[in-house]
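The values are calculated or read from the model by the stated rules, or taken from the named source; none is laboratory data. From a predicted model like this one, the values you see are computed outputs, not experimental measurements. Please note: Cβ atoms are built from the backbone with ideal geometry, for glycine as well, and neighbour counts cover all protein chains shown. Surface areas here come from the heavy atoms of the whole protein model, side chains and all, with no ligands, DNA or RNA. Shrake-Rupley method; radii C 1.70, N 1.55, O 1.52, S 1.80 Å.
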Amino acid sequence: MQKSKTTMLNAISALMLTMINGVLGLVVTRLVLSTFGSEFNGLNSVATQLINMMLIVEGGFTIATNVALLKPYVNRDFEEINRIIVATSNIFKKIGLVFFCVGIIVTIFYGFLVKTTLNDTIIFLVLIMTFLPAAINLYYTMKYRILIQAEQKEYIISLITVLTITAGHIINISLIYGNFSAMWGVRLVVMICSLVNSTLIVIYCKKKYKFLDFSAKPNYSSIKGTKDVFIQKITGAIYSTLPIIFISLASAGGTALASVYAVYNSVFLLVKSMLYAITNAPRLGMGQTIVENDDEKTYKIFIQYELVSIIILFLFMISASTLIMPFISIYTKNIYDVNYVDYNIAAFLIAITLLEILHIPSGHIINMSGNFKISKKFQIIACILLIVSIVFGSIMKGIYGILFGVFLTALFLAIIEIYYTHCVYFKKGIMNYWKLLWPNLFIGICLSILELKFTKGINNYIQFLVNGTLLTSINFLLIIITNFIFNRSIINPIILRIISFFGNFPKKIRT
């Protein structure tokens, strides 16, 4: 029960962070577009994705350390926890230095290659101010983040981040709206708030975890599978960052076309982030359940986890698929330097998002059970498929070819990870998963087609909010009814867990 409550807190706090960051981020992006233009917005988006690409130097060490800390935390073995944390700290210091050096090199080369009319000084400042806080986070702060994650208190990180990100967005909105900000000033505010975030996390950990002893002898051998997880990080980084980087470098539109993709992607990133907040929250709890070596109990909880993920996925994606184009039309109104209305981009991102989220529970089971080598094999194939399909896709069909390559990779990973988890790891067969999926897939397609007719006349934010709220409420009701009919035996205990959590929540706050 305690794990369920912690999971719920992690999900709620992460969801709150996602919604606040997403909404305020869209406001800032709109101001950036209208004040500084699409090219600067494209550069900002590319800088962020370059960071994600470069974070492959972290090598998946975070995941491997999370898994290594699961058993010591269950046993309250603080001596072993300290030894693992010291080893983590030593390795992350090296990673942080490498990250910073790579950042300098990338900044120089990207400035020469990018297709844009922005001057070199702006490009250099934006990239450096993006790389620096990430390097500091890796060098000094990451070991503390891992400690909080090991205790399954990720809601602490989320709440601290809510404060710093909200402050940053409000400052940027005020400065841009009042004409007090330059291009580089937007990124400077983000950098300062990121550094404040890292500082607050360190302060919290030093006060909370009195048992920390950085003089302990490091235990590197307990952190296993980092080379295997490294492949996951490479594929993940290429998957999320290569499209926009390739668009900015290889397409005739350069950073302007990258801005078009970034606007659509920012909307779906908001949706995906909310979905990740919910679907990622149980992963460490699942890891601790796996450590208990009760396969039947683990599978029962996993099936509930999958059903919740599928229900939430289709609830969000039905609304997103019917409201995306009205939102884009309203959001980019009176911006004429590039055309933002593109139904093909929207369709690709809808399909990609669906596939990405479907296999998250399976991916977590593979990692939390320590099967990093299995995941490595899947990721190597996916990485090769992604690079080849994006390169050939861009030559044949430009931005649409690039997105098709991402779609193929997402489809491959969804099929292979779901199959492995159900048929190989749990040895239960794929039909159990299909029973969860098909009712939601059917109702999702029917509602999306029907609701598209009701969203064509939306032309302002008030109509968007009213229609969005109404449609989402209807979708939620119909999806819940559908699952009560077809997946009653699984959804009933899920409802009881939720009721139990909220019934005891006031007591939890008091204690």
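Would the range 329-336 turn up any residue that is within 24 Å of Lys71 (Cβ to Cβ) and either modelled with pLDDT of 85 or more or among the charged types (D, E, K, R) (or both)?
No.
Can Ile122 be described as surrounded by 19 or more Cβ atoms within 10 Å (Cβ to Cβ), over 20 Å from the mean Cα position of the chain (by Cα) and assigned to a helix (DSSP H, G or I)?
Values: surrounded by 19 or more Cβ atoms within 10 Å (Cβ to Cβ): yes; over 20 Å from the mean Cα position of the chain (by Cα): yes; assigned to a helix (DSSP H, G or I): yes.
Criteria met by Ile122.
So, in the range 207-258, how many residues would count as being of a type in the set (D, E, K, R) and modelled with pLDDT under 75? Talk me through it step by step, then tell me what you get.
Of all residues in the range 207-258, those of a type in the set (D, E, K, R) come to 207-208, 210, 213, 217, 224, 227-228, 233.
Next, from what is left, pick out any that are modelled with pLDDT under 75: 224, 227-228, 233.
Residues meeting the conditions: 4.
Are there any pairs, at least 6 apart or on different chains, whose C-beta atoms fall under 8 Å, with the first in the range 441-459 and closer than 16 Å to Ala351 by Cβ and the second open to solvent by 60 Å² or more (accessible area, probe 1.4 Å), and if so, which?
From the range 441-459, no pairs qualify.
May I ask you to list the residues in the range 336-360 that are open to solvent by less than 20 Å² (accessible area, probe 1.4 Å) and more than 23 Å from the chain's Cα centre (by Cα)?
Of everything in the range 336-360, just one residue is open to solvent by less than 20 Å² (accessible area, probe 1.4 Å) and more than 23 Å from the chain's Cα centre (by Cα), namely Tyr340.
Go through Tyr140, Tyr110, Tyr144 for me and flag whichever is of a type outside the set (D, E, K, R), open to solvent by 40 Å² or more (accessible area, probe 1.4 Å) and touching a residue at least 60 places away in the same chain (Cβ under 8 Å).
Details: Tyr110 fails: open to solvent by 40 Å² or more (accessible area, probe 1.4 Å); Tyr144 fails: open to solvent by 40 Å² or more (accessible area, probe 1.4 Å).
The match here is Tyr140.
Filter the range 460-471 down to the residues that are under 30 Å from Asn487 (Cβ atoms) and either surrounded by fewer than 17 Cβ atoms within 10 Å (Cβ to Cβ) or free of Cβ contacts under 8 Å to residues at least 60 places away in the same chain (or both) and list them by number.
Thr469, Leu470
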